[in-house]
1. Residues in segment 28-41 that are open to solvent by 20 Å² or more (accessible area, probe 1.4 Å), under 44 Å from the mean Cα position of the chain (by Cα) and either touching a residue at least 40 places away in the same chain (Cβ under 8 Å) or over 24 Å from THR141 (Cβ atoms) (or both): how many?
2. Which of the numbered conditions does GLU85 fail, given that it passes all the others? Conditions: (1) within 31 Å of the chain's Cα centre (by Cα); (2) more than 16 Å from ILE140 (Cα to Cα); (3) open to solvent by 10 Å² or more (accessible area, probe 1.4 Å).
3. So which pairs qualify, if the first residue must be in segment 187-202 and within 19 Å of LEU218 (Cβ to Cβ) and free of Cβ contacts under 8 Å to residues at least 60 places away in the same chain, the second must be open to solvent by 30 Å² or more (accessible area, probe 1.4 Å) and of a type in the set (Ser, Thr, Tyr), the Cβ gap must be under 8 Å, and the two must be at least 6 apart or on different chains?
4. Could you tell me whether segment 42-60 includes any residue that is over 24 Å from ARG152 (Cα atoms), touching a residue at least 60 places away in the same chain (Cβ under 8 Å) and open to solvent by 40 Å² or more (accessible area, probe 1.4 Å)?
5. Could you check ALA188 against (1) under 30 Å from HIS238 (Cα atoms); (2) within 22 Å of the chain's Cα centre (by Cα); (3) open to solvent by 40 Å² or more (accessible area, probe 1.4 Å) and say which number it fails?
6. Being crowded, with 16+ Cβ neighbours inside 10 Å and either of a type in the set (Asp, Glu) or free of Cβ contacts under 8 Å to residues at least 12 places away in the same chain (or both) is the requirement here; does GLU216 meet it?
7. How many of the residues making up segment 159-186 are part of a loop (DSSP other than H, G, I, E, B), in contact with a Leu (Cβ under 7 Å, 6 or more places away or on another chain) and either basic (Lys, Arg) or farther than 30 Å from ALA217 by Cα (or both)?
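The values are calculated or read from the model by the stated rules, or taken from the named source; none is laboratory data. The shown structure was predicted, so the numbers you read here are calculated from the model rather than taken from an experiment. Don't worry about glycine lacking a Cβ; one is built from the backbone with ideal geometry, like all the others, and counts go over all protein chains shown. Protein only, heavy atoms only, side chains kept; ligands, DNA and RNA dropped before computing areas. Shrake-Rupley method; radii C 1.70, N 1.55, O 1.52, S 1.80 Å.
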Amino acid sequence: MFDTRPVRLAKGALLARDISLASGAKIARGRQIGPEDIAALTMAGIAEVPVVEVEPHDVPADEAVARLAKALVPNLGDASVRREEGPFGCLDLIASAPGVVGLDTQGISRMNRVDEGIAVITMRQFQRARAGEVIAKLRITPLAVKRSALSRVLSEGEDMIRLRPVLAETVTLIQTVEGGDAGQGAEAAIRARLAPLGLKMAESLVVAHREEALAEALLSVTGDVVLILPARPTVDRHDVAPEAVRRAGGVITRFGIPVDPGASMFAGGLGSVPILGLPDCARLTALNGTDWVFERLVCGVSISDDDLANLGVGGLLPRG
């Protein structure tokens, strides 16, 4: 219960507002007022303070947010996440490695519907995160919440937030050309995509834009993942680059995604090595739909046709 109380009677209550003292020190919101605080406030000439009295059926915000964090990420190591306390009632979940965010989106939505003072705020599903980046913020807005409300939130489930770390280590880039050089611009753009994920380019190959030349190159690649950037945009499953994958003994599993720019991507594999055919817009560093597929792929996230279909909502990306 919120109240304004004489300092001498405030012991044991939670301070409802930050109090700045003349010495420059500050007594922070949410602190349980003790004898030393009463002495400091009295010395500063402060007669009354705003407080919240925690009742038996209440849980202080710091305790509540810690319990919420434990439910959402029971095992920090397995989830590649670390915790960092913020201001009173706030806690950040931070990626301990580069990767993509994995969420139980429905479970988190259920949690957020229980009580207006309890909030789980995250990155979007499968968003790329760097090591050290905040992937979720947990916030208890009031100084305390009802024990029953917290119990209902926690009953919605556990293990709902994790970082899916990058599993691949190296990438092979193959560019095809027609009567000229590949240039350095496209390779620089691809390298810029690899850096945030901690990936290295094992090799960068340039071959003629012909099925046989590309197929021969595919048979000798060393990277964990192969990216093909054709000289001309791929127009269907039977264009030069997809046919070269089949000629080398591989398969094509997908052509096209409902994202613009980036719709003309194709995906497949050669043995255990995944292959992505890049759209022409990948020559630039601006976000395109293939980036979303690539980031999931190197983090070992399975990608179904339904997953790709769902990219269409929100798939109209800025150009340039």
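1. Counting residues in segment 28-41 that are open to solvent by 20 Å² or more (accessible area, probe 1.4 Å), under 44 Å from the mean Cα position of the chain (by Cα) and either touching a residue at least 40 places away in the same chain (Cβ under 8 Å) or over 24 Å from THR141 (Cβ atoms) (or both) gives 7.
2. Among (1) within 31 Å of the chain's Cα centre (by Cα); (2) more than 16 Å from ILE140 (Cα to Cα); (3) open to solvent by 10 Å² or more (accessible area, probe 1.4 Å), the lone unmet condition for GLU85 is (2).
3. Pairs that qualify, where the first residue is within 19 Å of LEU218 (Cβ to Cβ) and free of Cβ contacts under 8 Å to residues at least 60 places away in the same chain and the partner is open to solvent by 30 Å² or more (accessible area, probe 1.4 Å) and of a type in the set (Ser, Thr, Tyr), are GLU187/SER204; MET201/THR170; ALA202/THR170; ALA202/THR222.
4. Scanning segment 42-60 turns up no residue that is over 24 Å from ARG152 (Cα atoms), touching a residue at least 60 places away in the same chain (Cβ under 8 Å) and open to solvent by 40 Å² or more (accessible area, probe 1.4 Å).
5. Tallying (1) under 30 Å from HIS238 (Cα atoms); (2) within 22 Å of the chain's Cα centre (by Cα); (3) open to solvent by 40 Å² or more (accessible area, probe 1.4 Å), ALA188 fails exactly one: (2).
6. Taking the combined requirement at face value, the residue does not satisfy it.
7. Here the count works out to 1.
Residue-by-condition table, conditions (1) β-branched (Val, Ile, Thr); (2) surrounded by fewer than 21 Cβ atoms within 10 Å (Cβ to Cβ); (3) not in a loop (DSSP other than H, G, I, E, B):
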site: GLY107; (1), (2), (3): no, yes, yes
site: ASN112; (1), (2), (3): no, yes, yes
site: VAL120; (1), (2), (3): yes, no, yes
site: ARG124; (1), (2), (3): no, yes, no
site: GLY132; (1), (2), (3): no, yes, no
site: LYS137; (1), (2), (3): no, yes, yes
site: PRO142; (1), (2), (3): no, yes, no
site: ALA149; (1), (2), (3): no, yes, yes
site: ARG152; (1), (2), (3): no, yes, yes
